[in-house]
Amino acid sequence: MYFTDKYLNSLKPKEKQYYVREGQGFAVRVLPSGVKTFLFIYTINGSRRQKNLGNYPAKKLADARQEFRDAASGLASGLDPQAPPPLQQPPPPTEKTVSEVTTEFLKNWSKLNYSPRWHYNVDKALEQDVIPIIGTRPINSIRRREIISLLEIVIARAPGQARNVHKAIAKMFWYAQDREYIDISPCTNMLDSLPTLRVSEGKSRILDDKEIMKLWRRIDNGPGNDLIKRALKLILVTAQRPEEVAGMHRTEIKGHWWTIPWQRIKTENSKTLRRSPEDHRVFLTPLALSLIGDAKGYIFPSDVSESLSEETLTPPVERPIKRNSLSQRVERGVTVTCRNGRKVQFKYYGLPKWTPHDLRRSARTGMARIEIPPHWAEEVLNHKMSKIQSIYDQHKYDEQKKKALTRWAEHLEILAGVSRNSPSTPSISE
C-alpha cells in the first residue's frame, strides 16, 4: 500500500488504536481520539522500537516520508534513529601570539574594566617587560618556568614594578584562558613561587608632630621645584590624595572651596561603582590658599609641555605635574654640604622612609590626635560611609569639614612656626 493524502483522510478512529503500514517500517497509527501519527517501526539489536515522525496533517506526508527514509538509511549503517546525536568536538584553540592576545586584552578588557590610571600601568608593564621577551611566541607555548624567569629579572631591577608586571601578566593570561586561547594559565599561585611579589598587609607609616615640624622646614630649605614643595605641603594641609592635589586646576576652586570632580577621584572613577559618582568638596584654609597661589590654569603645572607646532599652529598643551614627580622628590630628599665640602644626601629629608601618600595618613592621624571627631575627619578624606549609613545620612558635612580642616591647619602653623593672623579656632564639638 502506498500512502496518499486521500487515503490518510479516509482513515476513521475505532474503539482501539490501530496501525496501517506502507511497507519497510513506514506506518500510521490511528488513536480512538482520531489523532494520526507517522511512525518508523524498526528492530535493532533484537529489540522492536518505533520513532515518532509527527502527527498528520500538521506533518505533511512528503516530509514524514523523507524523514523516514533518512532514519532508515541511518539504520542500515548501524545507527539507532533515536540515539542522541554525537557530541561535536570544539575547534582546536586558535594559535595567537602573546603580542596579539595582549593587544586584544588591553582593548577589549583592560580599557573597559580598569580605571584609566591602572589601565595605563598595565599597558606599560606589558609593553616594557613582557612583549620584548615573549611577544612573538604563540601564547599556548609559554610555560610557567618562563614566566618565573621573566619576573625574576624585573624583581632584581625594581621589586615594585615587578608587582605591577605580575598583576598585568596574570590578568592577561586569565583573559587568554577565558577565551580558550590556552587550556590553563601558567600564572596560577605565582606568589608561592615568588614570595617577593607579596605586598605587605597595609601600610602604617605616619609622621608624628616632631617629624612634621622637621619636614616642613627641610622642604623649605631643601632643593627642588617650588611647585613640588608646595604640592607636598598641600597634601598634608588638605589630607587629599597626592594625584588629586597634583592635578588641581583653578576652575575647581571657588572662594574657600575646592571641588574635586569625580573623574579625578580614585574611588569614584571606577567601572564597577554601584552608585552615581560624586564630586568631593574640600575647604581651603588660609594656609592652603597661601600654598595654592594665584596660578590661572593648573595650580602645579608641569615644566614639560607640547611645543608649538609650526605646521598646525596649535598652542602648547599645559599639563599638571605627575604624581611620580612627588615620589621622586621625596626619595631624593635633601643634600647637605658638610664643613669639609663633602656633600651628603639624606633621602626622605632625613626621616625614616615615607611616601607622599603617608602625608594623607599622617593628617588623618593628626586630626585624631587633636581630638577632631572621627566621622568629620573621614568626611575630609572622602571615605564613604557604609551602605546603610549613606542611605539614611544625606548630610554633606561642609561645616564640619571646614571646622576640622581649620583646626588642623592652625595646628600645622604652630608646628611649622608660620606666623599668620588666623581666625580663632572654631569650636569642635558634637
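The values are calculated or read from the model by the stated rules, or taken from the named source; none is laboratory data. The structure displayed is predicted, hence computed values, not measured ones. All Cβ positions, even for glycine, are placed from backbone atoms using ideal geometry, and neighbour counts span all protein chains on display.
Key figures for this structure:
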quantity	calculated
All positions within region 230-262 that are small (Gly, Ala, Ser) and either outside the structural domain of Thr355 (by TED's automatic domain parsing) or assigned to a helix (DSSP H, G or I) (or both)	Ala231, Ala246
Among the candidates Val122, Val154, residue that is within 21 Å of Lys266 (Cα to Cα) and among the hydrophobic types (A, V, I, L, M, F, W, C)	Val122
Residues being part of a helix (DSSP H, G or I), at pLDDT below 90 and among the acidic types (Asp, Glu) - total across region 60-107	1
Tabulated pairs, region 352-375, first touching a residue at least 24 places away in the same chain (Cβ under 8 Å) and more than 20 Å from Glu399 (Cα to Cα), second surrounded by fewer than 20 Cβ atoms within 10 Å (Cβ to Cβ) and among the small types (Gly, Ala, Ser), C-beta under 7 angstrom, 6+ apart or interchain	Thr355/Ser327; Pro356/Ser327
Test for Arg339: is it in a helix (DSSP H, G or I) and either touching a residue at least 12 places away in the same chain (Cβ under 8 Å) or not hydroxyl-bearing (Ser, Thr, Tyr) (or both)	no
Region 10-34 - residue that is part of a strand (DSSP E or B) and among the hydroxyl-bearing types (Ser, Thr, Tyr) and, of those, farthest from Arg65 (Cα to Cα)	Tyr18
Positions within region 35-49 being free of Cβ contacts under 8 Å to residues at least 12 places away in the same chain and either over 20 Å from Ser77 (Cα atoms) or outside any loop (DSSP other than H, G, I, E, B) (or both), in sequence order	Thr43, Ser47, Arg48
Yes/no for Gly247 being touching a strand residue (DSSP E or B) at 6+ places or on another chain (Cβ under 6 Å) and under 21 Å from Lys322 (Cβ atoms)	yes
Filtered residues of region 219-228 (kept if in contact with a helix residue (DSSP H, G or I) (Cβ under 9 Å, 6 or more places away or on another chain) and surrounded by fewer than 17 Cβ atoms within 10 Å (Cβ to Cβ))	Asp220, Pro223, Gly224, Asn225
Selected residue (only one of Ile182, Ile212 is crowded, with 16+ Cβ neighbours inside 10 Å, at pLDDT 90 or above and more than 14 Å from Arg143 (Cα to Cα))	Ile212
Close pairs (7 angstrom Cβ cut-off, 6 or more residues apart or separate chains): touching a residue at least 24 places away in the same chain (Cβ under 8 Å) and surrounded by fewer than 23 Cβ atoms within 10 Å (Cβ to Cβ) in region 156-174, among the polar types (S, T, N, Q) and assigned to a helix (DSSP H, G or I) anywhere	Pro159/Thr196; Asn164/Asn121
Residue check, Arg21 within 59 Å of the chain's Cα centre (by Cα) and charged (D, E, K, R)	no
Scope region 50-64; condition at negative phi and surrounded by fewer than 16 Cβ atoms within 10 Å (Cβ to Cβ); matching residues	Asn52, Asn55, Pro57, Ala58, Lys60, Ala62, Asp63
Leu207 vs. criteria of a type outside the set (Phe, Trp, Tyr) and outside any helix (DSSP H, G or I)	yes
Within region 75-89, tally of residues that are farther than 17 Å from Gly23 by Cα and surrounded by 11 or more Cβ atoms within 10 Å (Cβ to Cβ)	4
From the options Ser110, Ser149, residue that is assigned to a helix (DSSP H, G or I) and either of a type in the set (D, E, K, R) or touching a residue at least 40 places away in the same chain (Cβ under 8 Å) (or both)	Ser110
Region 23-49, subset surrounded by fewer than 17 Cβ atoms within 10 Å (Cβ to Cβ), closer than 24 Å to Lys12 by Cβ and of a type outside the set (Ser, Thr, Tyr), residue modelled with the lowest pLDDT	Gly23
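Conditions (1) under 30 Å from Leu53 (Cβ atoms); (2) over 23 Å from the mean Cα position of the chain (by Cα), marked per residue:
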site	(1), (2)
Ser73	yes, yes
Ala76	yes, yes
Asp80	yes, yes
Glu100	no, no
His119	no, no
Pro132	no, yes
Gln161	no, no
His166	no, no
Ala170	no, no
